[in-house]
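**Q** Once you've had a glance at the structure underneath, I'll fire off some questions.
The values are calculated or read from the model by the stated rules, or taken from the named source; none is laboratory data. Bear in mind the structure is a predicted one, so any value in this text is a computation, not a measurement. With ideal geometry, Cβ positions are generated from the backbone for all residues, glycine too; neighbour counts draw on all protein chains shown.
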């Protein structure tokens, strides 16, 4: 019953006689860059159909030997496939090379074709002001691909906390109820987990977002930055769709800080 109520709350359409959910797409540069969206995906997977379009396989993430013999590529593809399966998200690969990915015309056109096929209601991309070249490239490529595809979905940016610069979130999702599950999924990236540093950083940023949102007392939140601030009367954003309701979902929305 709860699931039916959640799905009914979202904008849906009929495709071949089947009730279809709105699609939400995340475009990370590498496996594990998806982490900033884990909680939001977990809380809304019964409402939206999530897709992940990975630019690269992260094949340089374990050093040059693992890149040259292809072992890192296989490890990281397997890990990302398992994570997306656990999230209920569909995974796509652009097959760019870690450290050698560029927002060239061919890459943007391939991404545009996929986005045009998916017709997402919302897209999450890297904030392009980032010291990691692949992150910056991916954020810009998404904007160019949307232009080429003639699409204007809601566009939000995700933060890589110690690499992104001048990132100011204005949309917040309360992930307190799924924070433990988010940490379990982070640990599925075994080749990157090592000393647990990733989990500690993500927990710290979630706590900071909870405080920054001014909505939570000791809770955890994911924060996103809007490409264009939603205007009142222009219809609900995906975050407004996810406000608390009689379903009991713990998701909350806040506009930009003054």
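**Q** Anything in segment 93-112 that is in contact (Cβ under 8 Å) with a residue 40 or more places away in the chain, assigned to a loop (DSSP other than H, G, I, E, B) and within 9 Å of residue 141 (Cα to Cα)? List them, or say none.
**A** Matches in segment 93-112: 103 only.
Conditions tested, residue by residue: (1) part of a helix (DSSP H, G or I); (2) in contact with a helix residue (DSSP H, G or I) (Cβ under 8 Å, 6 or more places away or on another chain); (3) closer than 19 Å to residue 199 by Cβ; (4) at pLDDT below 95.
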{"site": "14", "(1), (2), (3), (4)": "no, no, no, yes"}
{"site": "29", "(1), (2), (3), (4)": "no, yes, no, no"}
{"site": "32", "(1), (2), (3), (4)": "no, yes, yes, yes"}
{"site": "38", "(1), (2), (3), (4)": "yes, yes, yes, no"}
{"site": "81", "(1), (2), (3), (4)": "yes, no, no, no"}
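**Q** Go through the residues of segment 59-78 one by one and say whether even a single one is modelled with pLDDT of 95 or more, touching a helix residue (DSSP H, G or I) at 6+ places or on another chain (Cβ under 9 Å) and under 14 Å from residue 185 (Cβ atoms).
**A** No.
**Q** Write out, first by first residue and then by second, each pair whose Cβ atoms fall under 6 Å of each other, whose residues are 6+ apart or on separate chains, and whose first residue, in segment 63-80, is in contact (Cβ under 8 Å) with a residue 12 or more places away in the chain while the second is surrounded by fewer than 19 Cβ atoms within 10 Å (Cβ to Cβ).
**A** 72/62; 72/66; 75/191
**Q** Let me ask something else. What is the residue count in segment 189-206 for residues that are surrounded by 15 or more Cβ atoms within 10 Å (Cβ to Cβ) and in a loop (DSSP other than H, G, I, E, B)? Even if it seems obvious, please write down each step before you answer.
**A** Within segment 189-206, the first condition is being surrounded by 15 or more Cβ atoms within 10 Å (Cβ to Cβ), and the residues that meet it are 189, 191-193, 198-199, 201-203, 205-206.
This time we only want the ones that are in a loop (DSSP other than H, G, I, E, B), so: 189.
Count: 1.
**Q** Please pick out the residue among 115, 148 that is over 28 Å from residue 181 (Cα atoms) and crowded, with 21+ Cβ neighbours inside 10 Å.
**A** On the way: 148 fails: crowded, with 21+ Cβ neighbours inside 10 Å.
Step by step, each of 115, 148 is checked, and only 115 is over 28 Å from residue 181 (Cα atoms) and crowded, with 21+ Cβ neighbours inside 10 Å.
**Q** Which condition number does residue 135 fail, the rest of (1) under 19 Å from residue 26 (Cβ atoms); (2) in contact with a helix residue (DSSP H, G or I) (Cβ under 9 Å, 6 or more places away or on another chain); (3) assigned to a helix (DSSP H, G or I) being met?
**A** (2)
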